[in-house]
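The values are calculated or read from the model by the stated rules, or taken from the named source; none is laboratory data. This is a predicted model, so every value here is computed, not measured. Backbone-built Cβ (ideal geometry, glycine too); neighbour counts: all protein chains shown. Accessible surface is based on the protein model in full, side chains and every heavy atom, while ligands, DNA and RNA are left aside. Shrake-Rupley method; radii C 1.70, N 1.55, O 1.52, S 1.80 Å.
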Amino acid sequence: MKLRVEGEVDRPCDFAWHDLAQLPAEAQIEDVGVLSPQRSGGAVRLEAVLERCAVRPSARYLSLHASRDDFHASVPLAAVRDAAVLIYRQGDQPLPEKQGGPLRFLIPDPAACGTHQVDECASVKFVDRLELTTEPGFDNRPADERAHAQRHAAEGDA
Ligand SMILES: Nc1nc2c(c(=O)[nH]1)N[C@H]1C(S)=C(S)[C@@H](COP(=O)(O)O)O[C@H]1N2
Ligand SMILES: [Mo]
């Protein structure tokens, strides 16, 4: 896996699997099941990744890009900054594709974030690029129920 972090940052960064694994213990979440009961795997905190790249104060939006299936979401940075995580492993192996691996963004409690812009759909699977911007970025999350049903059918879990 490779994760690119760019945009409103002083140090654009690339992370490989072992870069995430080597982040300090306080950045690691051994089991995301404690945050989100339906999920499993090990994760790192979003903030730990952002810190490495020196995010600028001008950054107000975070866009999550998955080039694998051309899925994108853009959310207010402040709404996810402290809570969101990136799931990257299952034991000591990369996160399997059926769980959204090799890297999956997870907003643990989307309802509690308090804004319609931060919903379950923004937990982007196969994420390979984080982009910080001053304005909302590209977003093709399903806008209504019909689009949502089509999206899940495309995912193979309709
Ligand atoms: N890359 C990618 N991520 C995605 C999607 C997708 O189609 N592609 N669907 C989103 C939507 S609409 C939802 S509701 C959740 C569903 O996550 P789940 O399958 O783990 O329940 O994943 C989100 N992440
Ligand atoms: Mo969704």
Here the stretch 57-72 yields Karplus 3J(HN,Hα) values (6.51, -1.76, 1.60; θ = phi - 60°; whole Hz; Gly and Pro given as x) of x, 6, 6, 10, 10, 10, 9, 10, 10, 10, 6, 3, 10, 6, 10, 9
With the 1.4 Å probe rolled over protein heavy atoms, the stretch 21-158 has an accessible area per residue in Å² of 52
Separation of the R4 and K98 label points, Cα + 7 Å toward Cβ, nm
3.1
Under 5 Å between amide hydrogens, which residues at least 5 positions from Q117 or on another chain qualify, with H placed 1.01 Å from N in the peptide plane?
none
Tell me, what ³J(HN,Hα) does each residue in the stretch 35-46 have, in order and in whole Hz, if you take phi through Karplus 6.51 cos²θ - 1.76 cosθ + 1.60 with θ = phi - 60° and put x for Gly and Pro?
8, 8, x, 7, 10, 9, x, x, 9, 10, 6, 3
Quote to one decimal, in nm, the extra length available between E145 and R60 on full extension: 0.36 nm per residue of separation minus the C-alpha distance between them.
27.8 nm
Residues whose placed amide H lies under 5 Å from that of I29, excluding near-sequence neighbours:
A43, V44, R45
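Give me the percent of the accessible area of the stretch 1-40 that comes from carbon and sulfur atoms, probe 1.4 Å, all protein chains in place.
47
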Note on the chain: C-alpha Rg/Rh, Kirkwood Rh, two decimals, gives 0.94
How much FRET efficiency would the formula 1/(1 + (r/R0)^6) give for A25 and F138, where r is the Cβ-Cβ distance and R0 is 41 Å, rounded to 0.05?
0.75
Under the rule of at least 5 residues apart or a separate chain, name every residue whose amide H is placed under 5 Å from the amide H of E8.
L132, T133
Lys/Arg +1, Asp/Glu -1 at C-beta; the stretch 1-130 dipole; positive extreme among F105, A27, P37
F105
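Using only alpha carbon positions, build the gyration tensor of the stretch 1-82, then give the equivalent ellipsoid semi-axes as the square roots of 5 times its eigenvalues, largest first, whole angstrom.
That gives 21, 16, 14 Å for the three semi-axes.
Given charges of +1 on the Cβ of Lys and Arg and -1 on the Cβ of Asp and Glu, with all other atoms neutral, how large is the dipole of the stretch 50-158 about its Cα centre, in debye to the nearest 20?
With only Lys, Arg, Asp and Glu charged at Cβ, the dipole is about 280 debye.
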Would you work out which of A59, A84, H148 lies farthest towards the positive end of the dipole of the stretch 54-158, given +1 charges on the beta-carbon of Lys and Arg and -1 on that of Asp and Glu, about the Cα centre?
A59
